[in-house]
Amino acid sequence: MVKGKFITFEGIDGAGKSTHVETIAAYLRSCGKTVVTTREPGGTSLGERLRELLLHEPMHLETEALLMFASRREHIAKLIAPALERGDWVISDRFTDATFAYQGGGRQLAINKLEALEQWVHADFQPQLTLLFDVPLEVARERLDKTRSLDKFEREQQDFFGRVRNAYLQRAAQFPHRIRVIDSTQPMHEVNQQLEQLVSALDD
Ligand code: TMP
């Protein structure tokens with residue numbers, strides 16, 4: 001899994017990350033790269049079926065964490081690893097940091113359980129770059145309120161999102177070389193410029 005580059009996008013619901021996935025993929029393609037865009041939970045046919053359950057079916061918090069990692073195991077085996085072996089660039093809308101933030105921070109599941117699952121599913125494999133889109137909770141809520149019908153996570157209360165956001169920021173402090181915090185309240189073109197610089201720096 002060494003030839004390509006693996007970039008992940010993270011942030012609380014309503015942080016505005018997903019709109020940037022295709023923009024940055026288009027930028028990289030214009031630089032001559034072969035880019036695969038994908039998402040979690042999901043990214044494979046089994047993963048997309050798990051996504052339906054995860055986003056809409058009430059379940060025990062440990063079941064939720066286990067299914068996130070089950071979807072991820074399939075995703076790495078079927079899509080991410082083969083693409084990186086071909087030398088492609090893979091951009092995933094969420095990956096393991098989301099489990100630490102949502103199931104760890106939001107749902108307060110013991111971190112050592114998540115670390116054990118991470119070790120099992122992708123031991124020493126990590127993204128080269130993680131872009132963490134950060135906005136104040138009120139901004140995220142305002143954006144969410146304007147969107148279509150909300151899923152199970154998006155219907156959570158502000159204290160849940162406060163814990164998710166804090167957990168993300170703690171991970172950014174823990175892994176400063178991999179996780180870059182993007183102020184997602186900036187105008188779109190400024191965010192894009194910053195993203196282009198960060199992804200270009202990977203191409204050395
Ligand atoms: P999305 O709306 O950004 O596609 O993400 C789907 C939801 O799944 C989002 O609310 C965050 C949640 N999620 C987790 O709780 N844990 C995870 O590991 C992942 C990948 C997503």
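The values are calculated or read from the model by the stated rules, or taken from the named source; none is laboratory data. On a predicted model such as this, the values are computed, not experimentally measured, just so you know. Here the Cβ is made from the backbone with ideal geometry for all residues, glycine too, and neighbour counts use every protein chain on show. Side chains are part of the model used for accessible areas, which takes the heavy atoms of the whole protein and leaves out ligands, DNA and RNA. Shrake-Rupley method; radii C 1.70, N 1.55, O 1.52, S 1.80 Å.
The slack in the chain from residue 22 to residue 66, taken as 0.36 nm per residue of separation less the alpha-carbon distance, amounts to 13.0 nm. Roughly how far apart, in whole Å, are the Cα centres of segment 79-157 and segment 11-45? Segment 79-157 and segment 11-45 have Cα centres spaced 13 Å from each other. Springs join every pair of Cα atoms under 10 Å in this Gaussian network model of the chain, and among 41, 176, 127 the largest mean-square fluctuation is at 176. The residues of segment 1-75 present an accessible area of 45 Å² per residue when probed at 1.4 Å with all protein chains retained. Packing, taken as the mean count of other beta carbons within 10 Å per residue, orders the peptides 82-95, 186-199 from highest to lowest as 82-95, 186-199. What a 1.4 Å probe finds exposed on the chain is 52% carbon and sulfur by accessible area, rounded to a whole percent.
Quick check: residue separation of residue 143 and residue 119 times 0.36 nm, minus the Cα distance between them. What number comes out in nm? Full extension from residue 143 to residue 119 adds 5.2 nm.
Taking amide hydrogens as modeled 1.01 Å from N in the peptide plane, which residues meet the under 5 Å criterion relative to residue 179, leaving out close sequence neighbours? When sequence neighbours closer than 5 places are left aside, the close amide H contacts are 130.
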